[in-house]
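Encoded as structure tokens, the structure appears first; notes follow it.
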2 protein chains.
Amino acid sequence: MSKRYLNLVSYFAEGVKIVVSDSNSRPATVVQRATIRDVAARAGVSVTTASRALNETGRMSDETRLRVQQVAKELDYRPNSMARGLVQQRSFTLGLLTDDTYGRFTLPVAAGLSSAMTDRGVSVFLSAGEKEPKRMQLNLRAMEEKRVDGLVITGKRIDRQLPVDVSKLGMPVVYVYSKCPQGSIGFVPDDFNAAKNATQHLINLGRRKIVHITGLSSFEAAHLRKAGWLEALDENGLAPFAEAIFGNWTEEHGYKTAYGLFESGADRPDAIFCGNDQIARGVVDAFAHMGIKVPDDIAIVGFDNWEVFAKATRPPLTTVDMGLTCLGKSAGLALLDMIEGKPIESGLRKLNCRLVVRQSCGGEASE
Amino acid sequence: MSKRYLNLVSYFAEGVKIVVSDSNSRPATVVQRATIRDVAARAGVSVTTASRALNETGRMSDETRLRVQQVAKELDYRPNSMARGLVQQRSFTLGLLTDDTYGRFTLPVAAGLSSAMTDRGVSVFLSAGEKEPKRMQLNLRAMEEKRVDGLVITGKRIDRQLPVDVSKLGMPVVYVYSKCPQGSIGFVPDDFNAAKNATQHLINLGRRKIVHITGLSSFEAAHLRKAGWLEALDENGLAPFAEAIFGNWTEEHGYKTAYGLFESGADRPDAIFCGNDQIARGVVDAFAHMGIKVPDDIAIVGFDNWEVFAKATRPPLTTVDMGLTCLGKSAGLALLDMIEGKPIESGLRKLNCRLVVRQSCGGEASE
């Protein structure tokens, strides 16, 4: 039996005794080392108390906690992640499933999740790049086989579910930037209030004729942002200068719409709140071609803080940052709570967004 | 003992017999099911042959292979991933380590890797979002604890190593879009030939005065792309119209440089090969403001095929696609070969790039 094999076996052996039968005829090899049970027995406490003492959790006297820790030291008790898994019935792994091959939404979410989990000794399996439901389901099964403790499902929009069936998973699931089914736990940006704050920012700078150019009306996010825009106007006693203008989430939509708004020769807006940064970029480019000055003649706010766009726009965009990294972190922490059996309320959590003030609205830029 | 615990134990039990001592005093519970050894014994072959027969590898008669497979069926032998790990000394997991929080480079690589690995029953742990060496090292240790079979290291540029020490890892490592240390195995796009082909494309369309505007001279990629540009010119008996113009990898650099080129009033170029799509975007925007027509007056080629830029540019950019998804896949397959102990040559693999022809050069667009 190779040394590596022995190491592997001893690796799985923490907390249970393992008898390895190396072949059909040769005698079995027994591998043993101090387990949490040995520690508990020697310290004269229950396994649960011993475990809590070592994990610095639970209520007990300082004396008990110190005694357990001392015994663990004497016995050279060393938990490891897989062993912890056997004892605590956990693998200390999570799965992250996404349909975003592009990375715009998923990598910030993944980075926030991965970083927060590292601090807690939990590793994250990534499944990315699959578009077909069949292949996505295959990935999900692979994660089940790895005995992940829970699953984070993330996507490209807040009103679509990934084409996988998680109903029979038997493990906790959280949703991030994806549709959250009834009775589940989800994390999304607070689109409504973000849009309201962005519009209020324009009003505070003296703008009164504020147009909203946004993306496809089939997106819930588009409606939430429109509603936030209307709410801010209403609270300030302002009527919308025009109906919200829906279209693609593209520069082209912003570019053409901006041209249309100013070519008509009618009354002109003094600000545009855009549904994303790409639309805002198209709007700003159109005004540059028309000789209309941003922000002097018209103020522009974007949405996403996709820096490669927002910072490169001339002038750089004031825009909403959805805090995707924070969403990933929050979802991971909630999932850990669920795995640990802590009570957690179902429903959608709407996390605060942040307005990043640059030069496209006038006023003082914060960056 | 809970049912779930039993399931977990039986889960680890494939290929080895496990005796679980549930507490210090109670009798042990023995969990057993058909192992590869049982299959081998019943079929009258060695464990190695049985394993090969079931995995459709190795050389043996069809009769033997079929007999082993039949026995496995009779005994309801079912390998599972962790059990396979114990038997084959593998965990069937890989680690992916990146310093790219942005996702531009890493998500396509991760998607290619993840998809190819799924087909082979291998799962990928992701570590993203860490910038500090200490935290990155912590992530690496977590992957070691998970007993990953190998590691893919990927970054944001081909001439920088991630700040982690992998010298004592004791597992195979491959590098993708990152510096590859001496004696290691790395995968990068073939920048030189991609630049050469892009320049040749301009020459084929009749352009002769071709300028190169590119990124920071501290990047190896910038020099490789410059060398490819020069090589294509040289092969066609052309002199460079001007020295290569280095600067930031930003729209602003492209924008300002383009203005400078045409404001001087001197002889003008008829084409610009840009070091990335952002520079190309800045160049195209500057020409739009100056009333210079792309591609009629001047042809533009970008680099990256970052579609959100390349397709939104007016007109859409002809640009180099580095095939990052394919890089991720190739690296994963090489890593599996290394894990399986197959002989594999060290060194850097330069993979072909593809020129995506759109409307910024004239000629016929392919998309």
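Each row is one residue, and each column tells you yes or no for (1) out of contact with any helix residue (DSSP H, G or I) (no Cβ under 6 Å at 6 or more places or on another chain); (2) crowded, with 22+ Cβ neighbours inside 10 Å; (3) among the acidic types (D, E).
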{"position": "B:G291", "(1), (2), (3)": "yes, no, no"}
{"position": "B:E307", "(1), (2), (3)": "yes, no, yes"}
{"position": "B:V320", "(1), (2), (3)": "no, yes, no"}
{"position": "B:G323", "(1), (2), (3)": "yes, no, no"}
{"position": "B:A331", "(1), (2), (3)": "yes, yes, no"}
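Quick check: is even one residue across the range B:39-46 at pLDDT 80 or above and within 9 Å of chain A (Cβ to nearest Cβ)?
yes
Do we find that A:A242 is under 27 Å from A:V176 (Cβ atoms), in contact (Cβ under 8 Å) with a residue 24 or more places away in the chain and not assigned by TED's automatic domain parsing to the domain that holds A:I158 in this structure?
For A:A242, the condition - under 27 Å from A:V176 (Cβ atoms), in contact (Cβ under 8 Å) with a residue 24 or more places away in the chain and not assigned by TED's automatic domain parsing to the domain that holds A:I158 - is not met.
Which one of these does A:S330 not meet: (1) in contact with a Phe, Trp or Tyr (Cβ under 6 Å, 6 or more places away or on another chain); (2) under 27 Å from A:G260 (Cβ atoms); (3) of a type in the set (G, A, S); (4) away from every other protein chain (no Cβ under 14 Å)?
The one condition A:S330 does not meet is (2).
Condition test on A:K73, is it at pLDDT below 55, out of contact with any Gly (no Cβ under 6 Å at 6 or more places or on another chain) and outside the structural domain of A:V122 (by TED's automatic domain parsing)?
no
Would you be able to say whether some residue in the range B:95-118 is assigned to a loop (DSSP other than H, G, I, E, B), facing chain A (nearest Cβ under 8 Å) and in contact with a Leu (Cβ under 6 Å, 6 or more places away or on another chain)?
yes
Of the residues in the range B:128-177, how many are closer than 25 Å to A:L324 by Cβ and of a type in the set (F, W, Y)?
Matching residues across the range B:128-177 total 1.
Anything in the range A:265-302 that is closer than 16 Å to A:I210 by Cβ, assigned to a helix (DSSP H, G or I) and touching a His at 6+ places or on another chain (Cβ under 7 Å)? List them, or say none.
A:I279
What residue, of B:L162, B:L169, B:L126, is of a type in the set (A, V, I, L, M, F, W, C), outside any strand (DSSP E or B), surrounded by 18 or more Cβ atoms within 10 Å (Cβ to Cβ) and outside the structural domain of B:P240 (by TED's automatic domain parsing)?
B:L162
Mind checking which residues of the range B:121-151 are out of contact with any helix residue (DSSP H, G or I) (no Cβ under 8 Å at 6 or more places or on another chain) and of a type in the set (D, E)?
Listed by number, the residues that qualify are B:E132, B:E144.
Within the range A:318-367, how many residues turn out to be modelled with pLDDT under 95, β-branched (V, I, T) and over 14 Å from A:G186 (Cβ atoms)?
2
Could you tell me whether A:V284 is out of contact with any helix residue (DSSP H, G or I) (no Cβ under 6 Å at 6 or more places or on another chain), under 18 Å from A:F303 (Cβ atoms), away from chain B (no Cβ under 14 Å) and touching a residue at least 60 places away in the same chain (Cβ under 8 Å)?
So A:V284 fails the test.
Within the bounds of the range B:201-217, is there any residue that is assigned to a helix (DSSP H, G or I), modelled with pLDDT of 95 or more, surrounded by fewer than 19 Cβ atoms within 10 Å (Cβ to Cβ) and among the small types (G, A, S)?
Initial filter on the range B:201-217 (assigned to a helix (DSSP H, G or I)): B:201-204.
Adding the requirement that they be modelled with pLDDT of 95 or more leaves B:201-204.
Then drop every residue that is not surrounded by fewer than 19 Cβ atoms within 10 Å (Cβ to Cβ), which leaves B:203-204.
Okay, now just the ones that are also among the small types (G, A, S), so none.
No.
Could you tell me which of the residues A:A258, A:A280 is hydrophobic (A, V, I, L, M, F, W, C), in contact with a Cys (Cβ under 6 Å, 6 or more places away or on another chain) and closer than 21 Å to B:H289 by Cβ?
A:A280
What about B:F192, is it closer than 19 Å to B:L333 by Cα and in contact with a Leu (Cβ under 8 Å, 6 or more places away or on another chain)?
So B:F192 fails the test.
Is it the case, given these coordinates, that B:L138 is among the hydrophobic types (A, V, I, L, M, F, W, C), without any contact (Cβ under 8 Å) to a residue 12 or more places away in the chain and facing chain A (nearest Cβ under 7 Å)?
yes
The values are calculated or read from the model by the stated rules, or taken from the named source; none is laboratory data. Note that the coordinates shown come from a computational prediction; the quantities given were computed from them, not determined experimentally. Methodologically, a virtual Cβ is constructed for each residue, glycine included, from the backbone with ideal geometry; neighbour enumeration extends over all protein chains shown.
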